[in-house]
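Readers should treat all values here as calculations from the given coordinates under stated rules, not as data from a laboratory. Everything quoted here is computed from the prediction, not taken from an experiment. Positions of Cβ are backbone-derived with ideal geometry, glycine not excepted, and every protein chain shown enters the neighbour counts.
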Amino acid sequence: MNVLSLDTCFDACSAAAGRGLRTLTPGISFSFEPMQTGHAERLLPMIETVMAEAGLDFKALDRIAVTYGPGTFTGTRICVSAARALALATGAQFVALSSLRLMAMSARIPAAPTKRIAIATDARRSEVYFEVFDRHTMQTVVDAQCAAIPAAAKLLGPGPIVIAGSGAEQLAAEAGHEGIEATAILPDLLPDALDMLFPACELPLTETVKPLYLRAPDAKPPAPSPFLGAGA
């Protein structure tokens, strides 16, 4: 199976391409670059590079795996739009994951005896994007949402629990105030398209992908000018 995976949801841009992933000799190429801005300019050249290095033609793609949020509004739109355009051009099928689930699948997360893991990323305004998973089945225990840190801590459930991501330390500290045993790890953890490459061969297909924002945008359109339409 030939797969291209993409992520631009947070402060990184990543792409991975896999040729013959169900064979004994797959060809794999991947790229991951931390960045706060510039995802749109970097993603397409990155895609071209990993596809070429993996020895893949775009028309040979079977699946495109993409994160659909939550994340920054611009980053989430870029990722979903690029995947839609590529699927339309190549006829490849969609596999979609939330950015938080992809982070929970990271190979960087160490083994631990806790039954649950929470992914918490800083959403600013003293809020976090977070989701809680069963570590063994990767089933969602608490749905993805954007919440104030005290409210999120109350939703974690009984400890012990491991929390990863840029909002982990704040959330773990608040959980401690609630009497919940919580350990913060990997504050620099970000989604990585490489972690999605092999799972994309087995994950269920989706017909379409819509961005998941979890809250309204910070920027608001300007109010109509009282002078527009006024006569001279």
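Would you be able to say whether some residue in the stretch 144-159 is in contact with a Lys or Arg (Cβ under 7 Å, 6 or more places away or on another chain), under 19 Å from ARG101 (Cβ atoms) and in a strand (DSSP E or B)?
Within the stretch 144-159 (the criterion being in contact with a Lys or Arg (Cβ under 7 Å, 6 or more places away or on another chain), under 19 Å from ARG101 (Cβ atoms) and in a strand (DSSP E or B)), the answer is yes, since at least one residue qualifies.
When ILE109 is evaluated against the numbered criteria (1) surrounded by fewer than 19 Cβ atoms within 10 Å (Cβ to Cβ); (2) assigned to a helix (DSSP H, G or I), which criterion, by number, is the only one it fails?
(2)
What residue, among those in the stretch 117-136 that are over 15 Å from LEU100 (Cα atoms) and of a type outside the set (D, E, K, R), is surrounded by the most Cβ atoms within 10 Å (Cβ to Cβ)?
The qualifying residue surrounded by the most Cβ atoms within 10 Å (Cβ to Cβ) is SER126.
Scan the stretch 135-179 residue by residue and report those that are free of Cβ contacts under 8 Å to residues at least 40 places away in the same chain, among the β-branched types (Val, Ile, Thr) and closer than 11 Å to ARG116 by Cβ.
THR137, THR140, VAL141, VAL142
Taking the stretch 70-97 only, how many residues are more than 14 Å from THR208 (Cα to Cα) and not in a helix (DSSP H, G or I)?
So the count comes out to 3.
So for the stretch 122-134 (the condition being over 27 Å from GLU33 (Cα atoms), assigned to a strand (DSSP E or B) and free of Cβ contacts under 8 Å to residues at least 24 places away in the same chain), does at least one residue qualify?
yes
Sort out which residues of the stretch 12-50 are among the polar types (S, T, N, Q) and either surrounded by fewer than 16 Cβ atoms within 10 Å (Cβ to Cβ) or more than 16 Å from the chain's Cα centre (by Cα) (or both), and write them in order of number.
Hits for the stretch 12-50 are THR23, THR25, SER29, GLN36, THR37, THR49.
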